[in-house]
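Encoded as structure tokens, the structure appears first; notes follow it.
The values are calculated or read from the model by the stated rules, or taken from the named source; none is laboratory data. Predicted model only: the values in this text are computed from it and were never measured. Quick reminder, even Gly has a Cβ in these numbers, built from the backbone with ideal geometry, and neighbours come from all protein chains shown.
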Amino acid sequence: MYELFKHLMPLDFKWIMLNYGTIIYTILFLVIFIETGLVAMPFLPGDSLLFMAGLFARSGDLNLAYIFILLFIAAVLGDNCNYWIGRKVGIKVFNLKLRGKPLVKKEYLDKTHLFFEKHGTKAIIMARFVPFVRTFAPFAAGIAEMDYKKYLLYDLLGGALWIGSLSTAGYLLGNVEFIRHHVDAVCLGIILLSVLPIIVGYFKGRKKPN
């Protein structure tokens, strides 16, 4: 398991496929589900993983239709699991500790609340494209007891856009020679673009007078 995790974080798809074959679909499903469904696991590489999945679909190693369907289901199930954890358990989660440290940092939830205040209901869709925020958005919606029918509608739309856009981008760009030969740099670029809104928001917050 440790060996798999060691190759999963840098998205070493070639190693995973060589050692696990078609089980890679299950692995991808679990990564997306865990990132969106467990509020304590916001650090998994969702955006870059989707792009890489699309890229490998282009080369014929994966099936793009399977990626769309399976990962969309994983994203929606994960979000809904997270929503109901927030709704049923709520802020009690922040009292949980692992080795004396909080299992979940409250600052992430605070930032997500600000994100909701700024963007309103459409934040459910936008949050899909922002690391950390996409993990905490359904949890925050659950704590706030957002109308579930409205939440589910936006969640389905957001999940389709997130899975579809990034995996399709990887598929369409998979035949670009530069990208195929600089996969590590491309994934790093995706991660940097994903966290850019958080970085900008952080520095804007520091500039505000107390």
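For (1) within 30 Å of TYR83 (Cβ to Cβ); (2) surrounded by 22 or more Cβ atoms within 10 Å (Cβ to Cβ); (3) modelled with pLDDT under 85, each residue gets a yes or a no:
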| position | (1), (2), (3) |
| --- | --- |
| LYS14 | no, no, yes |
| TYR25 | yes, no, no |
| ILE34 | yes, no, no |
| LEU44 | yes, no, yes |
| LEU50 | yes, yes, no |
| ARG58 | no, no, no |
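I'd like to check something: does the range 109-128 contain any residue that is closer than 30 Å to MET17 by Cβ and touching a helix residue (DSSP H, G or I) at 6+ places or on another chain (Cβ under 6 Å)?
Yes.
As an exercise: evaluate ILE85 against (1) farther than 22 Å from LEU30 by Cβ; (2) surrounded by fewer than 22 Cβ atoms within 10 Å (Cβ to Cβ); (3) touching a Phe, Trp or Tyr at 6+ places or on another chain (Cβ under 8 Å) and give the number of the one condition it does not meet.
Of (1) farther than 22 Å from LEU30 by Cβ; (2) surrounded by fewer than 22 Cβ atoms within 10 Å (Cβ to Cβ); (3) touching a Phe, Trp or Tyr at 6+ places or on another chain (Cβ under 8 Å), only one is false for ILE85: (1).
Hey, among the residues in the range 97-139 that are small (Gly, Ala, Ser) and within 14 Å of the chain's Cα centre (by Cα), which one's nearest to GLY46 (Cα to Cα)?
Looking at residues that are small (Gly, Ala, Ser) and within 14 Å of the chain's Cα centre (by Cα), I get ALA127.
(1) in contact with a strand residue (DSSP E or B) (Cβ under 7 Å, 6 or more places away or on another chain); (2) at pLDDT 85 or above: which one isn't true of LYS88, the others all being true?
Of the numbered conditions (1) in contact with a strand residue (DSSP E or B) (Cβ under 7 Å, 6 or more places away or on another chain); (2) at pLDDT 85 or above, the odd one out for LYS88 is (1).
What are the pairs, 6+ residues apart or on separate chains, where a residue within the range 15-41 that is under 19 Å from LEU96 (Cβ atoms) has its Cβ under 6 Å from a residue that is among the β-branched types (Val, Ile, Thr) and part of a loop (DSSP other than H, G, I, E, B)?
If the second residue must be among the β-branched types (Val, Ile, Thr) and part of a loop (DSSP other than H, G, I, E, B), the pairs left are VAL39/VAL104; ALA40/VAL104.
Among all residue pairs at least 6 apart or on different chains, which show Cβ distances below 9 Å where the first residue, located in the range 115-132, is at positive phi and the second is of a type outside the set (Val, Ile, Thr) and modelled with pLDDT under 80?
Final answer for the pair search is PHE132/PRO42; PHE132/PHE43; PHE132/TYR108; PHE132/LYS111.
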